[in-house]
1. Taking Ile98, is it within 18 Å of Ile22 (Cβ to Cβ), among the aliphatic types (A, V, I, L, M) and surrounded by 15 or more Cβ atoms within 10 Å (Cβ to Cβ)?
2. Looking at region 25-38, which of its residues are part of a strand (DSSP E or B) and touching a residue at least 12 places away in the same chain (Cβ under 8 Å)?
3. Could you look through region 1-19, keep only residues that are modelled with pLDDT under 80 and part of a loop (DSSP other than H, G, I, E, B), and pick out the one that is surrounded by the most Cβ atoms within 10 Å (Cβ to Cβ)?
4. Please verify whether region 42-65 includes one or more residues that are in contact with a Phe, Trp or Tyr (Cβ under 9 Å, 6 or more places away or on another chain) and on the phi > 0 side of the Ramachandran plot.
5. Could you say which residue among Asp108, Asp81, Asp88 is surrounded by 15 or more Cβ atoms within 10 Å (Cβ to Cβ) and modelled with pLDDT under 90?
6. Looking only at region 20-58, count how many residues are at pLDDT below 90 and of a type in the set (S, T, N, Q).
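The values are calculated or read from the model by the stated rules, or taken from the named source; none is laboratory data. Every value quoted in this text rests on a predicted model; they were computed, and no experiment measured them. Cβ atoms come from the backbone with ideal geometry, glycine included; neighbour counts cover every protein chain shown.
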Amino acid sequence: MSWIRKLIIKFSKTPNIPLRKITYLSKRYGVVSIEDIDFVGRSFRSPNNKYLLCWSDYDKKSKVGGFRHEGNGRVLVIKDDLLVLVNDDIQRPNDGKIANNGTFIINDYMFGDDLQGTFYAIDIENNVLIKHYFRANIGKMLFLKMVIMPFVL
């Protein structure tokens, strides 16, 4: 990856970078690799196939994923093979879903030993529409996806 591309991604939440190759390592589990930006993580495609939401519960600095006490993961939104949003404000992003308009929901498993989680609904401009902290593990958010997502569209 070129140093200019790394700089653009590091300092911009809306980079608009064309991606040359998105490889599915496992279509069944939605695991993708994006070589252009050195990313491996899970993904979910919008029903209209226009958007791809990708997330990684992995800290690039410490090279640690999963349970940890620091080092945020990354959330990406790709629209028609163009990287349009990078969000690295979420500690441990997991279980994402994206709508046809680019609005997405994501679960933050958070750092530490406590049973806790934060639910986010974020639009394509990276505006947080809903942020709700739970004193419990949220799990796969099936209920939240079915109940809350229709109201955020």
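1. Details: within 18 Å of Ile22 (Cβ to Cβ): yes; among the aliphatic types (A, V, I, L, M): yes; surrounded by 15 or more Cβ atoms within 10 Å (Cβ to Cβ): yes.
Yes.
2. Step one: list which residues in region 25-38 are part of a strand (DSSP E or B), which gives 25-26, 31-34.
Within region 25-38, Leu25, Val31, Val32, Ile34 meet the criteria.
3. Quick first cut of region 1-19, residues modelled with pLDDT under 80 only: 1-18.
Checking the rest, the ones that are also part of a loop (DSSP other than H, G, I, E, B) come to 1-2, 12-16.
Numbers: Met1: 10, Ser2: 8, Ser12: 13, Lys13: 13, Thr14: 13, Pro15: 18, Asn16: 11.
For region 1-19, the residue satisfying everything is Pro15.
4. No, region 42-65 contains no residue that is in contact with a Phe, Trp or Tyr (Cβ under 9 Å, 6 or more places away or on another chain) and on the phi > 0 side of the Ramachandran plot.
5. Values: Asp108 fails: modelled with pLDDT under 90; Asp81 fails: surrounded by 15 or more Cβ atoms within 10 Å (Cβ to Cβ).
That would be Asp88, the only listed residue that is surrounded by 15 or more Cβ atoms within 10 Å (Cβ to Cβ) and modelled with pLDDT under 90.
6. Result for region 20-58: 2.
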